[in-house]
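Novice: Attaching a single structure in structure tokens format; questions to follow.
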Amino acid sequence: MSSAQGQQGRRPLRLVALSGFIAALGLLDLARMLQALMQSDFLIALRLSISPFLLAWVNGVWALVLLGCALGLWWRRPWARRATAIAVPLHALTFLGLQLAFARSDFARQALPAALLEAGVTILAVWVLLSLPGTKRAFATTDKP
């Protein structure tokens with residue numbers, strides 16, 4: 001293997017970390033989906049303002065999207081950078097919107113600033129990592145089919 005091939009085959013550490021982080025978000029959504037489905041009878045009895053099946057559906061869709069983005073980042077697919085840059089803010093906005101629309105308790109409303117801060121930091125970190133020159137280079141050197 002030549003040195004050019006070796007450089008092309010290496011993933012930058014930031015790309016490994018980013019794809020792992022996005023995969024973790026996707027797995028968290030998958031766990032939330034399973035939890036909503038497994039505890040649906042209990043959640044229905046609580047008379048929540050949102051259906052547990054809607055929560056399961058939303059989390060399932062986002063699990064698929066984020067896990068797809070994570071795999072695309074790992075495999076350095078050209079579409080993955082753009083898809084991740086779009087998916088992460090939409091993911092955050094979806095769950096902030098659900099919290100705003102369906103929160104009934106004072107605690108949920110008081111937790112909103114922390115949720116906004118968390119979403120902002122996550123979005124900023126992902127965008128910064130995606131726009132670093134080393135990350136862009138990792139996608140530029142990928143062989144296009």
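Novice: What list of ³J(HN,Hα) couplings, whole Hz, do you get for region 123-131 from phi and the Karplus terms 6.51, -1.76, 1.60, once you set θ to phi - 60° and write x for glycine and proline?
Specialist: 4, 4, 4, 5, 4, 5, 4, 6, 9
Novice: Report the label-to-label distance for Trp79 and Ala111 in nanometres (one decimal), using points 7 Å from each Cα along the Cα→Cβ vector.
Specialist: Placing both labels 7 Å beyond Cα along the Cβ direction yields 3.5 nm.
Novice: What is the helix-to-structure angle for 13-38, meaning the angle in degrees between its Cα long axis and the longest Cα principal axis of the chain, kept from 0 to 90 and rounded to the nearest 10?
Specialist: 30 degrees
Novice: Tell me the relative contact order for region 28-145 as a rounded percent, counting alpha carbon contacts under 8 Å between residues six or more apart.
Specialist: Numbers: 75 pairs, mean separation 27.2, N = 118.
23 percent.
Novice: Right, here's the next one. Amide H to amide H under 5 Å from Gln39: which residues, 5+ apart in sequence or cross-chain, H placed 1.01 Å off N in plane?
Specialist: none
Novice: Packing-wise, with mean Cβ within 10 Å as the measure, how do 120-127, 56-63, 67-74 rank, highest first? Kindly include the intermediate steps, with their values, before the conclusion.
Specialist: Values: 120-127: 14.4, 56-63: 18.6, 67-74: 20.6.
In decreasing order of mean packing, 120-127, 56-63, 67-74 become 67-74, 56-63, 120-127.
Novice: What is the ratio of the Cα radius of gyration of region 18-73 to 2.2 N^0.38 Å, with N the residue count, to two decimals?
Specialist: Numbers: Rg = 12.7 Å, N = 56, 2.2 N^0.38 = 10.2 Å.
Normalised Cα radius of gyration, region 18-73: 1.25.
Novice: Over its Cα atoms, what ratio of radius of gyration to 2.2 N^0.38 Å does the chain give? Present the calculation step by step, with values, prior to reporting the outcome.
Specialist: Numbers: Rg = 18.2 Å, N = 145, 2.2 N^0.38 = 14.6 Å.
The reported ratio for this selection is 1.25.
Novice: I would also like to ask the following. What is the angle, in °, between the Cα long axis of helix 78-102 and the longest principal axis of the Cα atoms in the chain? Nearest 10 is fine, range 0 to 90.
Specialist: It is inclined by approximately 10 degrees.
Novice: Can I ask one more? What does the net charge come to around Ala63 if you take all other residues with beta carbon closer than 10 Å to its beta carbon, with K and R at +1 and D and E at -1? Intermediate values should be presented prior to the final figure.
Specialist: Numbers: positive: Arg32; negative: Asp29.
Summing Lys and Arg as +1 and Asp and Glu as -1 gives 0.
All of the numbers you see were taken from the coordinates with simple rules; none came from a lab. Because the structure is predicted, anything quoted here is derived from the model rather than measured. No Cβ is skipped: glycine too gets one built from the backbone with ideal geometry, and neighbour counts run over all protein chains shown.
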